[in-house]
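The structure appears right after this line, and notes come after that.
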Amino acid sequence: RAAGLRPVPVPVDTDGVRPQLLAAAFEATGARVFVCQPLFQNPTGAVLSAERRPEVLRIARAAGAFVIEDDFVRRLVHEDAGPLPRPLSSDDRDGVVVHVCSLTKATSPSFRVSALAARGPVLERLRAIQVVDHFFVPRPLQEAALELVGSPAWPRHLRAVAGELKERRDAMAAALRLRLPELTVEHVPAGGYNLWVRLPDGADESAFASAALRAGVAVAPGRPYFAAEPPAGHVRLSFAAVPGVGEITEGVRRLRVACDEALSTH
């Protein structure tokens, strides 16, 4: 919005964006860019299904639009995920998809290294824009990135992250089922670092988030994740920024107190 663009929401389900609604959104708005996260979408964790992948590309081509593929979480797959689908860009032969990925999530918030991949005319336009940015990326940071991904320790690190994320996800999901059965986790993803939780009908998510903070737990209200009016209250619960599983179970125990407080005032 700050750049003068108008975001148009397109609904997703557990199989990713819904192609018929994507086509309708393009037709109704004349949009020229579709921003998507085909792999473990934030915040729902949805993965774009194999059947929908070619449909999304076909619809974007027909609309004369580009697809920005935000592949931010590919290196945060869980241990039980199985084979991952290839990036959407690997199925694109027409220069429709601009693929964006990063090392930041799997390493450190201060390790700001990303990559952008495209083909055809859009690549030349993006390359011209990026010249100044690339020129001013510190050389030591570039060298550190190359050393990191070329080291035998890199795949070991990713395997360790995958195991830890699965353990934390399972601990949070189990604690929620035990202590907060009235909250709905519609989908437990096999990648990423959060669960997307629906509150009971009529619950005030701002009141819930405030009560949680008073109980010592920071949660993200769901409203900012919707570009239009949300269908219900949601919260996003992250299991990444804590020392371990013990803090996750304690956090859910405190959320029980916050939930009782928030729902009692409703």
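The values are calculated or read from the model by the stated rules, or taken from the named source; none is laboratory data. It should be emphasised that the depicted structure is a prediction, and the values quoted were computed from it without experimental measurement. Glycine also receives a Cβ, built like all others from the backbone with ideal geometry; neighbour counts cover every protein chain displayed.
Quick look at the numbers
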item	result
Scan of region 209-256 for residues that are part of a loop (DSSP other than H, G, I, E, B) and among the charged types (D, E, K, R), ordered by number	229
Which listed residue is surrounded by 13 or more Cβ atoms within 10 Å (Cβ to Cβ) and either farther than 24 Å from residue 126 by Cβ or of a type in the set (Lys, Arg) (or both), from 22, 57, 48, 84	84
Check on residue 94, more than 15 Å from the chain's Cα centre (by Cα), modelled with pLDDT of 90 or more and either closer than 24 Å to residue 52 by Cβ or part of a helix (DSSP H, G or I) (or both)	no
Checklist (1) in contact (Cβ under 8 Å) with a residue 24 or more places away in the chain; (2) surrounded by 16 or more Cβ atoms within 10 Å (Cβ to Cβ); (3) within 19 Å of residue 104 (Cβ to Cβ) applied to residue 180, failing item	(3)
Qualifying residue in region 98-114 (condition: of a type in the set (A, V, I, L, M), touching a Lys or Arg at 6+ places or on another chain (Cβ under 7 Å), surrounded by 13 or more Cβ atoms within 10 Å (Cβ to Cβ) and in a loop (DSSP other than H, G, I, E, B))	yes
Of all residues making up region 172-219, the number that are under 21 Å from the mean Cα position of the chain (by Cα) and of a type in the set (Phe, Trp, Tyr)	2
